[in-house]
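Undergrad: Shown below is the structure under consideration.
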Amino acid sequence: MNRRVLVAVIVVLNVASTFAAKGAAPSFSFAGVPVAPGSSVRANVPLSAQEKSLAAQGGNPIPQNGVAVLITPANFDPQKTWPVLISLATRDGRRQNRDDLVEFYRRAGLAEGWVLLAGDGPQPARNATVGWRAAMTMAAIDALHQSFIGSRKWPIACAGFSGGAKSAGFIAPLLAKNGCRIAGIYLTGMNEEHLAEGYAKFQPGADFLTTPIFVAIGHDDRIATQEQQYAVISSIKRTGFSQIRIATFHGAHEVNDAQTAIALRWFRSLQK
């Protein structure tokens, strides 16, 4: 090979390697499953002894593992700090946390730059107790922390609609007790208040009372009426929670994207 040909080959290889480097996706994974920014991944995640105990409440058989779904924004880089939205579904066993994550929170959550996370069992629970929801959620969070260095400090918000809002009242204090940095609680369509009970049961500390709480109320909600939801808010205030924001929207028993976006924006602004 003469010198002129050799130089041409080297130039081509250098150009090719440059384009490859620019086009290469970041290499990271969630619970062993490769993650590309802007994607949704599903992974099997182990259950700790505490999580197995919670899952067994109500006579549920203990599964071999939990199942976590992680959805990331298009510019996701795990070396940076990201707010994480946790979805909690109604206690109806036919509804999974990941169902609510995709149907109710994906659009607004990604638009506002949040990482979305849900944990469920490999099959729906025989008895969808709060303990079951808590166990699978905690397993998903454990997987997040083990997958991405620094994610233990990422702010977490819990979101619940209808019965999921009731679950959030129990699970958010439990997560705080277990060291999670709770940055907000988003409640909508809720006709019963369990946050006071969750706070008393798990005792996450007085600082938890400063957790921002956003309550979205549908004008035409006949399942969780305005009167019922305002009664919930009064109970939360009596417990001592000091940062409560109330918003109403034209709609019935539903999750409103605009209110979800406002809530997530508010939670994030308070972290700055």
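Quick note: the coordinates plus some simple rules give every number you see, no bench work behind them. Just so we're clear, the structure is a prediction, and the values are computed from it rather than from any experiment. Heads up, the Cβs are rebuilt from the backbone with ideal geometry, glycines too, and the neighbour counts pull from every protein chain shown.
Undergrad: Label segment 120-202 by shape, choosing from rounded, prolate and oblate, from the square roots a ≥ b ≥ c of the eigenvalues of the Cα gyration tensor; if a/c is under 1.5 it is rounded, and otherwise prolate applies when a/b is larger than b/c, oblate when it is not.
TA: Here segment 120-202 falls in the oblate category.
Undergrad: Once amide H atoms are built 1.01 Å from N in the peptide plane, which residues 5 or more positions from Gly66, or in another chain, come under 5 Å H to H?
TA: HN-HN under 5 Å from Gly66: Val45, Leu47.
Undergrad: Right, next: I want the antiparallel fraction of DSSP beta bridges within the chain, as a percent rounded to 5.
TA: On the way: 14 of 38 bridges.
In the chain, approximately 35 percent of DSSP beta bridges are antiparallel ones.
Undergrad: What percent of all Cα-Cα pairs in segment 75-122 falls in each 10 Å bin, counting up from 0?
TA: Bins of 10 Å from zero give 26, 48, 23, 4 percent of pairs.
Undergrad: Taking the highest mean first, how do the peptides 187-194, 158-165, 200-207 order by number of other beta carbon atoms within 10 angstrom per residue?
TA: 158-165, 187-194, 200-207
Undergrad: Near the amide H of Phe76, under 5 Å away, which other amide H atoms are found, from residues 5 or more places off or on another chain, if H is placed in the peptide plane?
TA: Gly38
Undergrad: Based on DSSP H runs of at least 4 residues, each adding -39500 (n - 2.57), what is the mean residue ellipticity at 222 nm of the chain after dividing by all its residues, to the nearest 500 deg cm²/dmol?
TA: Per the formula, -12000 deg cm²/dmol.
Undergrad: Same structure, new question: If Rh is defined by the Kirkwood formula over all Cα pairs and Rg also comes from Cα, what ratio Rg/Rh do you get for the chain?
TA: On the Cα set of the chain, Rg over Rh gives 1.10.
Undergrad: Which is farthest toward the positive dipole end of the chain among Pro204, Thr72, Gly131, measuring Cα position about the Cα centre, with Cβ charges +1 (Lys, Arg) and -1 (Asp, Glu)?
TA: Of the candidates, Thr72 comes out farthest on the positive side.
Undergrad: Shifting gears a bit: When all alpha-carbon pairs of segment 30-105 are counted, what percent fall beyond 20 Å?
TA: Taking all Cα-Cα pairs of segment 30-105, the fraction more than 20 Å apart is 43 percent.
Undergrad: With only Lys, Arg, Asp and Glu charged, each at its Cβ (+1 for the first two, -1 for the last two), find how big the charge dipole of segment 106-258 is about the Cα centre; round to the nearest 20 debye.
TA: Dipole about the Cα centre, nearest 20: 420 debye.
Undergrad: Using modelled backbone amide H atoms (1.01 Å from N, in-plane), which distant-in-sequence or interchain residues come within less than 5 Å of Ile244's amide H?
TA: Residues meeting the criterion, in which the H sits 1.01 Å from N, are Ile213.
Undergrad: How would segment 209-258 be classified by its alpha-carbon gyration tensor: rounded, prolate or oblate, with rounded meaning a/c under 1.5 and the a/b versus b/c comparison settling the rest?
TA: The shape class here is oblate.
Undergrad: Report the dimensions of segment 148-272 along its three principal axes from the alpha-carbon atoms, largest first, rounded to Å.
TA: So the three principal-axis extents are 43, 28, 22 Å.
Undergrad: Work out the length of the dipole vector of segment 61-109 about its Cα centre, built from +1 on the beta-carbon of each Lys and Arg and -1 on the beta-carbon of each Asp and Glu, and round it to the nearest 20 debye.
TA: 40
Undergrad: In addition: Count the lysine pairs in the chain whose Cα atoms lie under 23 Å apart, taking only pairs 8 or more positions apart in sequence or on different chains.
TA: Within the chain, the lysine pair count is 15.
Undergrad: Can you work out ³J(HN,Hα) from phi for every residue in segment 260-270, in order, using Karplus 6.51 cos²θ - 1.76 cosθ + 1.60 and θ = phi - 60°, giving whole Hz and x for Gly and Pro?
TA: Result, rounded to whole Hz: 4, 4, 4, 4, 5, 5, 5, 4, 5, 5, 6.
Undergrad: Please sort by residue number the trypsin sites (Lys or Arg not before Pro) in segment 116-162 whose DSSP state is loop and whose Cβ has at most 15 other Cβ atoms within 10 Å.
TA: Numbers: sites: Arg126, Arg133, Arg152, Lys153; in loops: Arg126.
The qualifying sites are Arg126.
Undergrad: Mean-square fluctuation check for the chain, GNM, Cα pairs under 10 Å: which of Arg222, Arg106, Arg42 is largest?
TA: Fluctuation is largest for Arg222.
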